[in-house]
Amino acid sequence: MTAYIIRRILLIPVILIGVTLFVFALMQMLDPYQLLSAYVSSPAELKGQNLERLISKYGLDKSLPEKYWTWTKNVLGGDLGWAESASMPVMEAIKRKFPLTFELAFYAFFPIILGGIWVGKATAVKHNSVFDHATRVFVIMGWSFPDFVFGLLVILFFYSVLGWFPPGALSNWASQVVESGDYSNYTRILTLDALLNGRLDIFWDALRHLIGPIITMTYLWSAFLIRITRSGMLEVLRKDYIRTARAKGLSEKTVINKHASKNAMIPVLTVSGRLLIYMLAETVIIETIFNRPGMGKFIAYAAQQLDYPGILGGTLFFAVLLVLGNLIVDILYAIYDPRIEYK
Amino acid sequence: MKASKWIWILGICLGLAGTVWGEAIKNPDTLIEAIVSNQESLDPYFQYDITSNEPCKNVYENLLAWDGASITEYLPWLATQVPSKENGLISADGRVYKFPIRQGVKFHNGNDLTPEDVEYTFKRAMIFDRAGGPSWMILEPLTGFSTIEDIVKHVAGVPYAEMFDNDGNLIPKFKDHLVKVYTDYIDPTVKVEGGSVVITLSNTYAPFLSMLPQGAAWFSILDKEWCLEVGAWDGKADTWWKYHDPKEQKDPLYDKMNGTGPYKLVKWDNGVELVLERNENYWGEKPKMKYVKILTMEEWSTRKAALLAGDVDIAIVDPQYLGQVEGQPGIRVHKGLEQLSVYMLFFNQTINTEGGNRYIGSGQLDGEGIPPDFFSDIHVRKAFAAMYDTQTLINDVQGGNAIPAFGPIVKPLIGWLPDMAEGHRFDLKKAEEEFKLAFGGRLWEKGFKLTAAYTTGRMVTKAVMDMLVYNARKINPKFKIEVQTFAWSTLLSDYLKGVYPLWGLEWNADYPDPHNMAYPILHPTGFYGAALGAAYHKWAEQHINPLLDQGLVEFDLEKRRSIYEKIGRLAEENAVILFLYQPTRIHVERTWVKGWFNNPITESTGRHFYLLNKSL
């Protein structure tokens, strides 16, 4: 197991080089004039007529190995470059924006997992009941809904109609408090900072702004998890050892919770562990719709602008998260199921 | 069942309560605007886009201002008088301008405004000259060159970039040349004389005064002492190249502001929000709003929801979405207002075929392509122009939010052609006749095939192209136009290579003078003129350039009008470009926002929040 973990850790740099090289190669398909659009976003900005100077200034005409070498050298020195689309260093952008994305993914994670597993189990146990059929409709709808459509419907209903859950991260009054000298931004996670500052009003305001995106993510992802849990559970419930457990006279509750659930949860655990990572990736759309200034919105804008340091920095960051996330899931997997061996 | 019923009732009550509360002014001390993009920099001499210009014009101030909605009448601002030949502040030859500087004005950090600040500001603007930035507007009238690097090359005979080694250090033998550039070309242009600043132009430049007023952040005044403190140019002749054309992160002013204006910068979280606070020590009447918040909200649905909920006071609304907010309670829409921009289709008269060209088919007049000189035949251009139905486009596609454009100069600038604007180009019979005359009749017989290009998302330009496709086929089924959309990055790249035969883009004026529209669009070295091909350049050198030169030095209003009208008519009658339409401005705000009015030039670079307040 230890050897496996070490091997996986040693593989991380290789994977990261592969990912960044791939993105770099894709960017290289664009010629310097196309890359220029990161610095000249509309015809209105072309009046200076110094385009060749711009190309040379930002090194857009350099070769792929030259650009990749410079970038790698800087990354190793802790400099991810300048994100033209955010007008700040990529590292600074990550520092400022990731806490907001993490906060959203964190809060959405629990209702997705708890709701998804509980409902999934319940539908398997009440197989072919009205509840099961209704849930299946719910799941198909959730799984079929494009996230940007469902997000917009959430805004329409909960904000435009009811006025409950506004987009953004904070209300105007709350952001004035947060920006004031009397308030400390310890972690940049808004709800946590509000509690650390003893400001329940700001905590509630930050939470109110989180609920819309949480509802969207919870519905879409719990639908996925319900499906996985339900099919896993159904499969296990048909196994011989479950029949044996029932024949031994164990209560249905014990059979379900003690004998069936544990084995049915193995595929669920695999999916759940990676869910947080997938959710982080989904924030590209969710944060754009709900106007949350997190990592997702940052990467979406960088991609629109062909801002390659921004795209690469964001990709690298998510790649690190994904690799580490996968590693943690694999370790948990082995702990949860001792039958699994890593060679 | 009962419980869910109660939840619904509660929801509806809360919703209604929200509506009732919505009638009171939300955030009464803060004006909130929702925009769609990021600020590039907060340095008024780095930025060159609307989004960045907006905070700059509210924090920094210029020597002059426009009088309300006028683009011809000036007000003194940081200068105490508007120079004119009559008051003796403009020399008889129109080259020397004197600006008496206002006393008692303080920057946000408490420093006094002095004539030395003005002198430093303009000199820094010239040496700063970032690639793709706005400094050309100062360099051109003051030095006669568009960039300081052109002056360097003129003085030393060596390109600026070649004067530095691989580590970016100046090769010592070039130092004297660079110092000379400053001492001979930059330094003499701006001088302090007592309480005034004297600016000497390289040549008479009639539009100069119209470039200066408030709204154009690139002529706003910096605090010299503060600039030196934060690490901007030290004002010396032998260091200027160290401060020339920096990347934004190397520019000390990129995220800092210190102006004399009605608002001061509180916070800039780029791509998220920018917050301004009232300058309580403002020298003029205090602004009414305590805070201004500019929020970046790219997604239209979110922007709309926030506007309708009253969480946003002013929002950017594209014309196609106007119907979604017009007539909604609490929303006021201003539309049909003038703005200085024009949308065009360009005909490339000498298409670049080097390395092949996929936009012109076979590259010959054989019905499967077009020859590279296709648009150099005036009959082809006139036929294309006659296939464009302006009124249908404006009414059915633009929803009435545009007026016809004839020639490069738009309403209400001098040189705009109102008589032509009343007429119509659209005439399919005429188009047919012109096509029959083109290429000695061979075009009609063989037909043609070409690809027209537009930027992704510009659906109005696409509609124009679809109109041309339909009408061309109707006239002769052998006439085939393919319409292709390109990401801005690709369009920019291919446009610069000169490979498109027919493409659409727009132009927005920087300052309200016909020179700023006619020159870039029609001059062979202007941004668009340069891309119209060698055949066009030859024609323009003979017909357009002399008129542009005259217009630049002529002060008499009527004479200038006549010159620019001639330019407009020449462009229109020779169909060198198909001028599509002049969009009209849309401004959408909550009804509680008071004080907004349209100035055709200043509103193009964002709102002037000083004038606005919120009240029922």
Flag for B:V410 being open to solvent by less than 10 Å² (accessible area, probe 1.4 Å) and either in a loop (DSSP other than H, G, I, E, B) or closer than 30 Å to B:R560 by Cβ (or both): yes
Tally, over segment A:86-95, of residues that are over 23 Å from A:L275 (Cα atoms) and open to solvent by 20 Å² or more (accessible area, probe 1.4 Å): 3
Among (1) touching a Ser or Thr at 6+ places or on another chain (Cβ under 8 Å); (2) assigned to a loop (DSSP other than H, G, I, E, B); (3) open to solvent by 10 Å² or more (accessible area, probe 1.4 Å) - the single one B:Y359 does not satisfy: (3)
Options A:E235, A:E282: the member that is in a helix (DSSP H, G or I), among the charged types (D, E, K, R), under 30 Å from A:G18 (Cβ atoms) and not assigned by TED's automatic domain parsing to the domain that holds A:L10: A:E282
Test for B:A383: is it more than 13 Å from B:V588 (Cα to Cα) and more than 14 Å from every other protein chain (Cβ to nearest Cβ): yes
Contacts under 7 angstrom Cβ, first residue in segment B:298-309 being at the interface with chain A (Cβ under 7 Å from one of its Cβ atoms), partner assigned to a loop (DSSP other than H, G, I, E, B) and among the polar types (S, T, N, Q), 6 or more apart: B:E299/A:N291; B:T302/A:N291; B:L308/B:Q328
Answer from B:W241, B:W283 - the residue that is part of a loop (DSSP other than H, G, I, E, B), more than 10 Å from chain A (Cβ to nearest Cβ) and either open to solvent by less than 20 Å² (accessible area, probe 1.4 Å) or not hydroxyl-bearing (S, T, Y) (or both): B:W283
Matching residues in segment A:61-88 - criterion: being away from every other protein chain (no Cβ under 13 Å) and among the aromatic types (F, W, Y): A:Y68, A:W69, A:W71
Those residues of segment B:178-206 which are of a type in the set (S, T, N, Q), open to solvent by 30 Å² or more (accessible area, probe 1.4 Å) and at pLDDT 95 or above, in sequence order: B:T183, B:T200, B:S202
So B:G195, is it more than 14 Å from every other protein chain (Cβ to nearest Cβ) and under 28 Å from the mean Cα position of the chain (by Cα): no
Residue in segment B:292-314 that is basic (K, R), more than 30 Å from B:L393 (Cα to Cα), open to solvent by 20 Å² or more (accessible area, probe 1.4 Å) and at pLDDT 95 or above present: no
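Listed here are the residues, each with its yes/no results for (1) charged (D, E, K, R); (2) more than 14 Å from every other protein chain (Cβ to nearest Cβ); (3) part of a helix (DSSP H, G or I).
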position: B:T121; (1), (2), (3): no, yes, yes
position: B:G133; (1), (2), (3): no, no, no
position: B:I151; (1), (2), (3): no, no, yes
position: B:V158; (1), (2), (3): no, yes, no
position: B:G168; (1), (2), (3): no, no, no
position: B:H177; (1), (2), (3): no, yes, yes
position: B:V181; (1), (2), (3): no, yes, yes
position: B:I199; (1), (2), (3): no, yes, no
position: B:T204; (1), (2), (3): no, yes, no
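When only residues in segment B:151-177 that are acidic (D, E) and open to solvent by 70 Å² or more (accessible area, probe 1.4 Å) count, which is modelled with the lowest pLDDT?
The selected residue is B:D167.
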Segment B:384-396, residues that are crowded, with 20+ Cβ neighbours inside 10 Å and either within 26 Å of the chain's Cα centre (by Cα) or without any contact (Cβ under 8 Å) to a residue 24 or more places away in the chain (or both): B:A385, B:Y388, B:T390, B:L393, B:I394
Candidates B:K462, B:K497 - the one that is among the basic types (K, R), surrounded by fewer than 22 Cβ atoms within 10 Å (Cβ to Cβ) and touching a residue at least 24 places away in the same chain (Cβ under 8 Å): B:K497
Test: A:A264 is free of Cβ contacts under 8 Å to residues at least 60 places away in the same chain, farther than 30 Å from A:F158 by Cα and crowded, with 20+ Cβ neighbours inside 10 Å: no
Some residue of segment B:92-102 being modelled with pLDDT under 95, open to solvent by less than 50 Å² (accessible area, probe 1.4 Å) and either of a type in the set (D, E, K, R) or outside the structural domain of B:E273 (by TED's automatic domain parsing) (or both): yes
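Name the residues in segment A:202-217 that are open to solvent by less than 30 Å² (accessible area, probe 1.4 Å) and within 18 Å of the chain's Cα centre (by Cα), would you?
A:H209, A:L210, A:G212, A:P213, A:I214, A:T216, A:M217 - these are the residues of segment A:202-217 that are open to solvent by less than 30 Å² (accessible area, probe 1.4 Å) and within 18 Å of the chain's Cα centre (by Cα).
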Residue that is surrounded by the fewest Cβ atoms within 10 Å (Cβ to Cβ), among those in segment B:315-342 that are part of a strand (DSSP E or B) and in contact with a helix residue (DSSP H, G or I) (Cβ under 6 Å, 6 or more places away or on another chain): B:I331
Single match in A:R243, A:R230, A:R199 (criterion: of a type in the set (K, R) and surrounded by fewer than 16 Cβ atoms within 10 Å (Cβ to Cβ)): A:R243
Residue within segment B:496-508 that is more than 14 Å from chain A (Cβ to nearest Cβ) and within 21 Å of B:Q582 (Cβ to Cβ) present: yes
Residue in segment B:519-529 that is open to solvent by 30 Å² or more (accessible area, probe 1.4 Å), within 14 Å of chain A (Cβ to nearest Cβ) and of a type in the set (A, V, I, L, M, F, W, C) present: no
Which listed residue is in the same structural domain as B:D427 (by TED's automatic domain parsing) and modelled with pLDDT of 95 or more, from B:L496, B:L548: B:L548
Residue satisfying all of: in segment B:58-95; part of a loop (DSSP other than H, G, I, E, B) and among the small types (G, A, S); nearest to B:F555 (Cα to Cα) among these: B:G94
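Out of A:A108, A:A122, report the one residue that is free of Cβ contacts under 8 Å to residues at least 24 places away in the same chain, open to solvent by less than 80 Å² (accessible area, probe 1.4 Å), away from chain B (no Cβ under 14 Å) and in a helix (DSSP H, G or I).
A:A122
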Elements of type helices (runs of 4 or more DSSP H) contained in segment B:450-552, each with 3 or more residues being of a type in the set (V, I, T) and within 22 Å of B:E572 (Cβ to Cβ): B:459-475
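The values are calculated or read from the model by the stated rules, or taken from the named source; none is laboratory data. No experiment lies behind these values; they were computed from the predicted model shown. For neighbour counting, all protein chains shown are included, and Cβ atoms are generated from backbone atoms with ideal geometry for every residue, glycine included. Surface areas here come from the heavy atoms of the whole protein model, side chains and all, with no ligands, DNA or RNA. Shrake-Rupley method; radii C 1.70, N 1.55, O 1.52, S 1.80 Å.
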